[in-house]
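Remarks on the structure that follows.
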Amino acid sequence: MQVQPPEEAAPRERSTFTVLVTGANSGLGFAICRRLIDEFLLTRPQTQTLHLLYSTRDARKSEDTSRRLHSHLQKTLRGANGGTLSPQEAGKWGERVKIEGVLVDLTKLVTIKSLADDLLGRGGRLDAVVWNAGLAGWKGTDWGKGAWHILTDLIHATTYPEFMIPDVGLVAGSQSLGGTKSGEETEEEPKLGQVFLANVFGHYMLTHWLAPLFTPESRIVWISSTSALPPYFDLDDMQGLHAHAAYESSKRLTDFLVLTSELPSTRPYVRDLLETPSGQPHPLPKMYVTHPGVIGTSIAGLNWFMNFWMLAALYFSRWFASPWHPVDPYKGAISAVFCALSPPSQLPELETQEGKGKWGSATGVYGDERVARTEVEGWGFCGVVGRVPAGSVTTGRWRGRRELDKEGREGFEVEGGKVWREMEGLRKEWEGRLGL
Ligand SMILES: NC(=O)c1ccc[n+]([C@@H]2O[C@H](COP(=O)([O-])OP(=O)(O)OC[C@H]3O[C@@H](n4cnc5c(N)ncnc54)[C@H](OP(=O)(O)O)[C@@H]3O)[C@@H](O)[C@H]2O)c1
């Protein structure tokens, strides 16, 4: 790795880039933090400092993550410039990265609010947030079905798996509000779907509560999945409380939210979500949707033995030319880090010119990772019928896909508008319930 050459900068030229990553103690979140450090040192001027805020659920995980991230930073510095940095120089480079843990449990709204209050209390700004934390809500794997699918249809089965056993109706614990007295009546606390809350709604509330820290250039990066497919999502069950694939449903919901977030039809809702309390009209920060492809992490909930066979199946998928099998979380992190760090000409301007996309982490057979546009049912590659921008992946597609047509595209926009209306309604309802 070749880092930016050392140069003294006048204090007034120094600037800090602050980024918050949720769910950073394992898997993709940890890899995103490592890759952010590496790419920041590689691409940003010596005058810039990275303030990396990472979230975990408890102090022990936070300390452990801090230790591992600092050790990664040291390793990066040791290898920088072909290993030629002196200890003094390495120390100076290291000072450009400040690593800090924060705590939040995304299934507990009060902890989300207190994280937001903590960050708001400090002032400053957030240049990027990566909403990575997530849970699967599966209770196991149907091994017979899984083995059959993998042996007969390897790439499709490992990209769009249909052999996980869902834990239908998973509900988040009480938000500890108790019953609310309203005249004679006591209002029972409504249910919140656990997977929906951890993967989407918790981050959605955090986005709103952190809005004063965003600037028009800030980036809100969401993590979706290749398996965010239409059959899994039903607007009448937005929280996936009755769904047999609450995880996939939450990811399809993420696609709807982000891909329709710049359309005129959703503007009033997006403005309500992102505008600061002072109501100052200004260009709003943009949302981006990414996915890591398929990577080997603990989200699958497997023991070491089954994990070994899962990794083998994922590597074979890549060697048989699947575009969506980075397998290694660090490679899978490329799309999220691209959305957080890339210069304006490579992302906001590109989306303005070519259309909004779902940015995935793709690889070649040798594991050479790259960022690529992913097809989304009803949206295509960029929201325009018949347009396939350069750099889109057109292989390894879902077998149930329909060619994008005008009706499909309009349907996506209509459903996206309804999603935004429902999400904003739910946000206001819960803010009221929390007394905010
Ligand atoms: N693995 C894949 O192939 C793949 C593919 C597509 C998308 N993704 C997405 O990538 C993201 C990360 O998943 P992963 O594969 O890296 O799995 P992972 O290793 O299990 O990481 C999940 C992270 O989310 C955190 N988390 C879970 N529930 C939380 C909650 N209620 N509050 C706060 N943090 C919580 C976990 O913390 P704890 O350790 O405390 O539980 C952990 O840090 C998820 O959004 C997932 O949907 C993964």
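The values are calculated or read from the model by the stated rules, or taken from the named source; none is laboratory data. This one's a predicted model, so the numbers in the text were calculated from it and none came from an experiment. For neighbour counting, all protein chains shown are included, and Cβ atoms are generated from backbone atoms with ideal geometry for every residue, glycine included. These area figures cover heavy atoms from the full protein model, side chains too; ligands, DNA and RNA do not enter into them. Shrake-Rupley method; radii C 1.70, N 1.55, O 1.52, S 1.80 Å.
A protection proxy built from the mean count of other Cβ atoms within 10 Å ranks the segments 69-79, 203-213, most packed first, as 203-213, 69-79.
About the centre of its Cα atoms, the range 367-420 shows a dipole size close to 100 debye [charges on the beta carbon of Lys, Arg (+1) and Asp, Glu (-1) only; nearest 20 debye]. Residues whose amide H comes within less than 5 Å of that of Thr49, counting only those at least five positions distant or on another chain, are Ser15, Thr16, Phe17 (H built at 1.01 Å from N in the peptide plane). Tell me which aspartates and glutamates have Cα within less than 13 Å of Lys61's Cα, excluding those fewer than 8 residues away on the same chain? Partners within reach: Glu100, Asp105.
Can you tell me which of 122-130, 140-148, 240-248 comes out highest on packing, and rank the rest after it, using the mean Cβ neighbours within 10 Å?
On the way: 122-130: 18.2, 140-148: 14.1, 240-248: 22.7.
Sorting 122-130, 140-148, 240-248 by mean packing, highest first, produces 240-248, 122-130, 140-148.
Computed from phi, the 3J(HN,Hα) profile of the range 96-101 under the Karplus parametrisation 6.51, -1.76, 1.60 (θ = phi - 60°) reads 6, 10, 10, 10, 9, x Hz, with x in place of Gly and Pro. Close amide-amide hydrogen proximity is noted between Thr141 and Ile165, each under 5 Å apart and 5 or more residues distant or on a separate chain (H modeled in the peptide plane; Pro and chain starts excluded).
Straight Cα distances below 24 angstrom link Lys145 to the lysines Lys251, with same-chain residues fewer than 8 positions distant left out.
Taking a sphere under 13 Å around the Cβ of Leu109 and counting the other residues whose Cβ falls inside, with K and R at +1 and D and E at -1, yields a net charge of -1. Show log10 I(q)/I(0) for the chain at q = 0.06, 0.08, 0.10, 0.13 Å⁻¹, two decimals, from a solvent-free Debye sum over equal Cα scatterers. Per q value, in the given order, log10 I(q)/I(0) is -0.25, -0.45, -0.71, -1.23.
Taking the 1.4 Å solvent-accessible surface of the chain as the whole, the part contributed by carbon and sulfur is 53%.
Under 16 Å of direct C-alpha separation, and excluding same-chain neighbours fewer than eight residues apart, Lys92 reaches these lysines: Lys75.
When peptides 294-301, 105-112 are ranked by their average number of other Cβ atoms within 10 Å per residue, the highest-first order is 105-112, 294-301.
Phi angles of the range 56-66 translate, via the Karplus equation with coefficients 6.51, -1.76, 1.60 and θ = phi - 60°, into HN-Hα couplings of 9, 8, 8, 5, 5, 5, 5, 5, 4, 5, 4 Hz per residue; Gly and Pro are given as x. Considering only Leu77, Ala313, Leu206, and ranking their Cα positions along the charge dipole of the chain that arises from unit charges at the beta-carbon of Lys, Arg, Asp and Glu, the one farthest toward the positive end is Leu77.
Sequentially through the range 328-338, phi angles give Karplus couplings (6.51, -1.76, 1.60; θ = phi - 60°) of 6, x, 5, 5, x, 6, 4, 6, 5, 5, 4 Hz, Gly and Pro residues having no value and appearing as x.
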